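The values are calculated or read from the model by the stated rules, or taken from the named source; none is laboratory data. These figures come from a predicted structure and were not determined experimentally. Neighbour counts are summed over all protein chains in view; Cβ atoms, including those assigned to glycine, are modelled from backbone coordinates with ideal geometry.
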């Protein structure tokens, strides 16, 4: 696998480009633009996350949470790999879909659930590193639909490499609290 | 969770529609339109699939394979759930991304690898059932880029319900066999 | 432009593939799976289409209409071109977005409007031919959201070439008839 | 049309949200992260843009251009409308597809062409205003594939409203100058 590890994403690598080739503004943290209608949003999001069996199975955890923003972290391991040893694109999708979904859910009313309508994911570099961080940013939060964008970075020695970029549509299910037994 | 199980996807459910509300042609099996350049495509795909640690972790298996087509099966379980108990959208993405990728890989040269450039996934119904079947269909196979579409159905008592639909772009990495140690 | 006309989409063209390299089921006409709640759907769609100034400007017309299905036709001309002389990807998007939107609108109640939430378009071959035909197919029609897929073919001498493929999310705006002055 | 003009996008509008509900970082101009290999990139982009008949037909013009960035402007008018009088989603797609494509093209070698592989567009608000500005930002520029994101804002009295958001994949066609007669 050695050769392909470095070579696999050649298609994306310019020989002659100056690093970093990623436009910086995308990674900026969200401004304090959003006022969550539910002051208990953090406990609500964390309780919902704790009910996602998939997060436990892959070993993902919430790294940061604020109104309109959620970061989910994951340590790459062989059990999550695709055929070349990197983290599978679907596992990358799993953490960034949840990051976007919970970024949106911070802004939803207490008595509601969140549903992913659709998302689109571009894979830009091999998903590897000491850990992956998937960030979801709310772009617009409406009564029925919410639009988010997401980024996944691989972290090595404090240096971030953009490995994936997402655009996502969420739906608010009003009157259905996201809680067991409801 | 009881109420939300049935209610969660109300937004998609018409009160007055005649079943099935899904246009039939989408699920038709692919015609014999593709001639794979590598007669050993099946062994090559199965060996690559076996190297995907993520498939073992979630318990997915290849259900069918032919030129330009791949079906991957998964039995839903709590370890793969989102917050309402259905299979997580990212796990749905994982099986349909692999189904599309291996549908394309059946048509690639022996000395090549497959890379997901991007995909877009719509979630149409709760991902549940006795098993999920993700199907990938090649739409166009080019020298560098290949386009696939995918569907995921939940199966209950032989009845299929469309739970997700995908559109995907793959890249062929020529001269890099998808094999360990290469 | 001569050389690039044939060469531009080389990346998609296999030297050794058997025609057609497109999986046939995608183009099948929709089955009679949908029962439109508004028997006057055809007049309603045609009146709405007639209000789209963009359709007049580019010269597009409705080619076919049935429950859950709409075809829109366009004759390529220099005024609609991108830099190589083919029809611009955005104009291709314009006709297939409308085809998907009106496919959905055939199934909406009389007292409603249709809104495109989002769409994703893959360009597969140069958009050229005697005419382009964009087809929209409803995949699932829900109370709030409707999912469609679309295809655009270039027609030359009765032969169809798939030039683009779309996946789209629509929203039904209930209680707002799609009519002037309402 | 009066009532629906304000009402149509109700689904996206929170009654109780503080303006602006859009996360600010998305609109930041790109940093000087990119070094274009062709110092004549501006003339090359403008010449290519001038060959796009579709841009002339809809009345679009280049508003700004720098390495990895392109802004395209358009004045809304009835000839570009959808059924409610806003600019058609496909016309919005047309300007943001070109903005992303030319953002990428600023970083391509002199002897190359640009091709849109695919894009995904979310519509967030009615496309209206004194003018629309579509911006394309390169996220990653590789040898074969380039990823961009795009935004379209409606401008009224100096105030910007985000009306659409795009994620796009481009391909570099090496050895094929984007010029007439080549």
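Summary of computed values
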| item | result |
| --- | --- |
| Filtered residue count, region B:74-101, keeping only those that are within 18 Å of residue A:82 (Cβ to Cβ) and either part of a helix (DSSP H, G or I) or touching a residue at least 60 places away in the same chain (Cβ under 8 Å) (or both) | 14 |
| Given (1) more than 23 Å from residue D:119 (Cβ to Cβ); (2) away from chain D (no Cβ under 13 Å); (3) touching a strand residue (DSSP E or B) at 6+ places or on another chain (Cβ under 7 Å), index of the condition residue A:110 fails | (3) |
| Qualifying residue in region A:152-160 (condition: touching a residue at least 40 places away in the same chain (Cβ under 8 Å) and at the interface with another protein chain (Cβ under 10 Å from one of its Cβ atoms)) | no |
| Every residue from region D:30-84 that is modelled with pLDDT under 95, surrounded by fewer than 17 Cβ atoms within 10 Å (Cβ to Cβ) and in contact with a helix residue (DSSP H, G or I) (Cβ under 8 Å, 6 or more places away or on another chain) | D:31 |
| Qualifying residue in region B:136-144 (condition: under 27 Å from residue D:166 (Cβ atoms), free of Cβ contacts under 8 Å to residues at least 40 places away in the same chain and assigned to a strand (DSSP E or B)) | yes |
| Verdict on residue C:116 being within 12 Å of chain B (Cβ to nearest Cβ) and assigned to a strand (DSSP E or B) | no |
| Enumeration of residues in region C:58-73 that are within 20 Å of residue D:58 (Cβ to Cβ) and not in a helix (DSSP H, G or I) | C:59, C:60, C:61, C:72, C:73 |
| Residue among A:134, A:89, A:93 that is farther than 22 Å from residue B:126 by Cα and touching a strand residue (DSSP E or B) at 6+ places or on another chain (Cβ under 9 Å) | A:134 |
| Residue A:109 vs. criteria modelled with pLDDT under 95 and either crowded, with 22+ Cβ neighbours inside 10 Å or not in a strand (DSSP E or B) (or both) | no |
| Given (1) assigned to a loop (DSSP other than H, G, I, E, B); (2) over 16 Å from residue A:142 (Cβ atoms); (3) modelled with pLDDT under 95, number of the condition residue D:18 does not satisfy | (2) |
| Of residues in region A:129-142 being more than 10 Å from chain D (Cβ to nearest Cβ) and within 15 Å of the chain's Cα centre (by Cα), the one surrounded by the fewest Cβ atoms within 10 Å (Cβ to Cβ) | A:131 |
| Yes/no for residue A:145 being at the interface with chain D (Cβ under 7 Å from one of its Cβ atoms), crowded, with 21+ Cβ neighbours inside 10 Å, touching a strand residue (DSSP E or B) at 6+ places or on another chain (Cβ under 7 Å) and over 19 Å from residue D:168 (Cβ atoms) | yes |
